[in-house]
Each structure stands twice: as structure tokens, then as C-alpha cells.
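The values are calculated or read from the model by the stated rules, or taken from the named source; none is laboratory data. Note that the structure is predicted; figures quoted are calculated from it, not measured. Cβ placement follows ideal geometry from the backbone for every residue including glycine, while neighbour counts extend to all protein chains displayed. Only protein heavy atoms, including side chains, enter the accessible area calculation; ligands, DNA and RNA are left aside. Shrake-Rupley method; radii C 1.70, N 1.55, O 1.52, S 1.80 Å.
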Amino acid sequence: MTMTALITHPDCARHEMGRHHPECPQRLSAIHDHLIAQGLDPYLVPYEAPLVTREALERVHDPAYLDELWASAPLTGLVHLDPDTAMNPDTLVAAQRAAGAGVLAVDLVLGGEVGNAFCLVRPPGHHAGRARAMGFCFFNNIAVAAAHALAHHGLERVTIVDWDVHHGNGTEEIFRDDPRVQMVSIFQHPFYPYSGTENPPPHMVNVPLPARSGSDEFRQVVTDLWLPAIRAHQPQLLLISAGFDSHLEDDMGSLALREGDYAWATHELVRLLREITGGAAPIVSMLEGGYVMSSLARSAGAHIRALIEA
């Protein structure tokens, strides 16, 4: 068993974007309740997500964008930044907790306090660009974590794995010109945000999949493309944008992965990382998408169990 941190905060459930919005607070409770029901809770080390610092945000976001975001925060009601992405009075604090969770997770894993970590947080982050909120995302949580690992811990090579049904366009934008940060991903194509296929740089291994692609296609991508690319990059830390809307039952997209696929991929990534590092498998995983409560909970649970078993 590996010491696995579970990083979350009640503030993350206070962000809401409307009564029927799919990115809802119940996503967190569905996963947490499932972890308890499956008997995984005793194997997790709980931590409260701190507020991210301005310094950490400015490593990946334009200061003018951050100023604009703070100025847009409402005292009451909702303010829409795009048709899908809105702020309520609690959004900024929730977003700061979500990004702060990734920073803490990197510190815990690289400091040897835990073997790996899962950040049970929202709002998600991988669509947030350097100067733009979109797709339910405000701060790019995984990018903040990666940049912190480079700047604060002096790492030279980091890999980001993204298995969300939607391409992590914000993450690609932020690290497009930084070969220290490799990104390997699958995503449904053509599909929102209609990116990821036009001349990605060599350190971006983007693999578009047609609708209805399932376990066989995903596992072939991992085996034939992801693992060789990661082995060549030799990362000192692996970060996962863990979006579970690529599941068969999730109606936000049309891929057909199952919870066993996330567990299998997690085990494969752990095995490879141990090979690269000679023992340790420092992994930080952060929740991205996943909008059908039952499949979200089962998928996240299978992934977290695999981290515990690492």
C-alpha cells in the first residue's frame, strides 16, 4: 500500500454556476461517499487544500487576467464569463483552493510525506488558458502544479497525462513553448474545444479519438504512444488531469471508457514511473471532468484504489 493524500476543502462545494449546471457541487460528495462505501477512506491521508498564492498563479496566468477575474467576482448572483462558465460569490475562493491543492500535493509528494496524491477539488482547470476562463475552468490547476514543481522544487522534466473527453487546450497553450513539460492526452475529436490537432509541438502527444472509441482504442494509445513518449521524456513527476467524462455512461461526451480502464492506466503509469526513477512513483492527480454521478464515483474510486495499491 502507498500513502495516498486526499486533498480537498469544503469551499470547493460552495462554487455553483446555476441550478442545472453539470459541473455541480454534488460531484465531490459522490466521489467521497463512494470512497467511504468501498472502504478506501482509511487508506487515505486527508489534507485541507490551501489558498493558492498570487505568485503561483502568475507562473501560468497573465497578471492582467487575474486582476480582471478578481474584479468580475460578484457579491450576489452569477456573472457569466462565457456561456458555460460563471462565477458566484464563492467561486474565487473555491478556485484558489483547487489550484492550491495541486501546489500542496506537489510539496507532499516531492517532500516524501506521501507516495502520491489525489486532489478532490473543483472547479476544474484544464481549459483555462493564460488569459482566459472557459469550459467551467478559471485557473489551470494542473499547470499551476507543474509550474510550482519546476520553479520551487527545481525539477527539469514533468509529464502531464490528460484522459478527459475534452482536449486540455489551456494546458497545451500554457506549456506549448516549454519542452520541460510534456503532455500526453486522449480526447474525443471533433468535439469541444475543437483543438489539439493542429501542429502540436513534439512534447505534446495529443491523440484524438473518434466518438464511441472504447477500452481497446484507449489501451492501445497508452501502450503504443503514451508509455514510449513518457519513457523518452524521463519525468521526475507525473501529473494527471483526471477527467472521467470519457466514461461510457457520461453523456457529456461519446467515448466509451470504463472504470477499469482508468485503473489499468494508473497501474501502467506507476509501473513506468518506478522504472524511470528507480523506485518512487511521484504522482499528483487532479479531478477534471465527469458529470454522471454514478460513473464519476466508480471511475474516480477505481483510479484512487490504483494509487493506493501503487
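Some points to look at:
- Rounded, prolate or oblate (a/c below 1.5 giving rounded, otherwise prolate when a/b exceeds b/c) for the chain by Cα gyration tensor: rounded
- Debye, to nearest 20: dipole size of the chain, +1 on Lys, Arg Cβ, -1 on Asp, Glu Cβ: 380
- Computed over the stretch 216-310, relative contact order equals 37 percent, with contacts defined as Cα pairs under 8 Å that lie 6+ residues apart.
- Share antiparallel - DSSP beta bridges, the chain, percent rounded to 5: 10
- Taken as Cα centroids, the stretch 208-249 and the stretch 8-60 sit 24 Å apart, rounded to the nearest whole angstrom.
- Subtracting the Cα-Cα distance of Leu225 and Ser294 from 0.36 nm times their residue separation leaves 21.8 nm of extension gain.
- Per-peptide packing, taken as the mean over residues of other Cβ atoms within 10 Å, places 160-172, 102-114 in the sequence 160-172, 102-114 from highest down.
- Solvent exposure of Ser72, expressed as accessible area, is near 30 Å², computed with a probe of 1.4 Å over the protein chains only.
- Estimated [θ] at 222 nm from DSSP helical runs (n ≥ 4, -39500 (n - 2.57)) normalised by residues in the chain, nearest 500: -11500 deg cm²/dmol
- With all protein chains kept in place, the per residue accessible area of the chain amounts to 38 square angstrom at a probe of 1.4 angstrom.
- Element breakdown for the stretch 260-306 at a 1.4 angstrom probe: carbon and sulfur atoms account for 58% of the accessible area.
- Gain upon complete extension [Ala37, Ala232; 0.36 nm per residue less C-alpha separation]: 66.3 nm
- Its Cα centre serving as origin, the stretch 1-131 has a Cβ charge dipole (Lys and Arg +1, Asp and Glu -1) of approximately 160 debye.
- Low-density loop cleavage sites - trypsin sites (Lys or Arg not before Pro) in the stretch 1-109, where at most 13 other Cβ are within 10 Å (DSSP): Arg19
- Translational diffusion of the stretch 194-310 was estimated from the Stokes-Einstein equation, with Rh taken as the Kirkwood radius over Cα pairs; at 37 °C and 0.692 mPa s the coefficient is 220 µm²/s.
- Cα gyration tensor shape of the stretch 23-64, rounded if a/c is under 1.5, else prolate or oblate by comparing a/b with b/c: prolate
- Positive dipole terminus of the stretch 60-112, leading residue within Ala86, Tyr65, Leu104 (C-beta point charges): Leu104
- Highest-fluctuation residue, Thr85, Thr76, Thr277 considered, GNM on the chain with Cα pairs under 10 Å: Thr76
- Overall form of the stretch 1-160 per C-alpha gyration tensor (a/c, 1.5; a/b vs b/c): oblate
- Accessible surface of the stretch 136-181 [probe 1.4 Å, protein heavy atoms]: carbon and sulfur percent: 43
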